[in-house]
Each structure stands twice: as C-alpha cells, then as structure tokens.
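The values are calculated or read from the model by the stated rules, or taken from the named source; none is laboratory data. Quantities reported herein were computed from a predicted structural model and do not represent experimental measurements. Remember, those area values only see protein heavy atoms, side chains included, never the ligands or the DNA or RNA. Shrake-Rupley method; radii C 1.70, N 1.55, O 1.52, S 1.80 Å.
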Amino acid sequence: MEFSRFSKTIVKIKNLPLPGEASHFKMEPAVRKQFREESTIDVKKAKRAAVMALFYPKENNETHLLLMLRNTYPGVHSNQIGFPGGKVEDTDSDLLVTAKRETFEEVGILPEDIEMVKPLTEVYIPPSNFLVKPFLGLYSQVKPFKLDPMEVEALVEVKLVDFLDNDNLMQQYLTTSYAHKILVPAFKLNGYTVWGATAMMLSEIKDLLQKVV
C-alpha cells in the first residue's frame, strides 16, 4: 500500500480496542504457555522496556515496517529479530520516551520525527524477565538510518503487503539458549524467522491493521 494512503488509514485504529492477549496467544510458543500457566512470578515487578513498531515509506512510496537483526552477544536475545527499543533508564519520563530514545540510539531516528499512533499491549518475556511496552508509530519524513554497530547487525525492512500475507505464517523447530528443539509459531519475513515476543506483538499489530486496511 502506498504510504500516504496508509498513513491516513492507520489513524482509524486509534479508537479500536486492543485485541491484546487474544492476538498474542496465536503466536505464543508452547514453552511460554507452559511457563505462563505454571509460573508464580509477579510480572508487574519485572524490569521495564519499550519498543517502537514503525511504518514508513520506501521504494516508490510503498509502506514498510522496520525490524532489525540484533548483534551476537552474550544474552538470551542475541542474534534475534526485534523492534528498535530497550530498557527504561532513570532519565526517561515515561515508556514512550524510552521507546523513542532507544530507537534513536539504535537506528538514528530522531524522537521528534516519530508520530506515535497507538500504544499496544504489554508482553512479558520470561527468559530476560522484562515487561515490554510496544508502541505503533509512523516515520513519514525518512532520513538515512544510522545503525549502532554494537546493537544492530542489519535492518529488516518488511513490505506491508508481506507482513499482512497469511502465507508468511509458519511453524518451525528452534534451539535457543534456554530451550532445545522447540516448535514455535512464527512469521517468515525477508527470509528471517520472527518468533517469540516480537511475533506476539506483530500479531496484535496485524489484527488491528486488518480491521482498517
């Protein structure tokens, strides 16, 4: 979809109720479901983080969604696909500030260039004990991205049409730092397997968009 049309259409979701966990559960790995059903952890006491799901124009003004491949590092989210974002700092006044600040630090988008459209449903990430708040935004006046080489290995710029295509939903066996050969629901986007918390957030975004696009 052409971005100018998309940017006018997406504002319709502002007044829609969030599908929340009903969307998340579609892409929830079985190992996470088991944790959720058996855990006694109070997730409201978890560490806090925020991420930004940005739509922007590229190549003949076609709408794209920005994801990124994280660098390899010691940690449970090493070399995974995710949104720009990160943990709350003491200087952040709220979670939206966190999401915008981290987006600037990781991919060079100025906070004032992001139009926040809608806050989304929080997702708890058991392996790292983070409660993550996603935001959906527009980046209309695109400038060259400036990647933080310590954080970002590559951008994953996904066409809206590919994101909404149900043929790009799949299941795959994966081995992680905390689980061996687990079957996970996932998106196949630009050749990458996108699963876990990011896929759960994407599921909610997709369900919202399908009501207005």
- The correct pair for the range 24-177, radius of gyration to one decimal and Dmax as a whole number, both in Å and from Cα atoms, is 16.0, 50
- Message: Quick check: at a probe of 1.4 Å, how many percent of the accessible area of the range 48-176 sits on carbon and sulfur atoms?
- Response: 51 percent
- Cα gyration tensor shape for the range 83-154, rounded if a/c is under 1.5, else prolate or oblate: oblate
- For residue 152, which sequence-distant residues (separation of 5 or more, or a different chain) have an amide H within less than 5 Å of its own amide H, given hydrogens modelled in the peptide plane? 71
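Taking a threshold of 31 Å on the Cα-Cα distance, which of the pairs 33/58; 8/181; 118/159 fall above it? Working shown, then result.
Details: 33/58 37 Å; 8/181 43 Å; 118/159 20 Å.
Cα-Cα > 31 Å for 33/58; 8/181; rest within.
State the percent of C-alpha pairs, over all pairs in the range 137-213, separated by a distance greater than 14 angstrom.
Numbers: 2078 of 2926 pairs.
More than 14 Å apart: 71 percent of the Cα pairs in the range 137-213.
In terms of the Cα gyration tensor, with a ≥ b ≥ c the square roots of its eigenvalues, is the range 1-64 rounded because a/c is under 1.5, prolate because a/b exceeds b/c, or oblate?
Working: a/c = 2.54, a/b = 2.50, b/c = 1.02.
Note, shape of the range 1-64 comes out prolate.
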- Cα extents of the range 118-177 along the three principal axes, largest first (Å): 37, 31, 27
- Message: If you fit an axis through the alpha-carbon atoms of helix 196-209 and take the longest principal axis of the Cα set of the chain, what angle between them do you get, 0 to 90°, nearest 10?
- Response: 40 degrees
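Taking a probe of 1.4 Å, how large is the accessible area per residue of the range 1-136, in Å²?
On a per-residue basis, the range 1-136 sits at 49 Å².
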- Give me the accessible area of residue 148, 1.4 Å probe, in Å² rounded to the nearest 10. 40 Å²
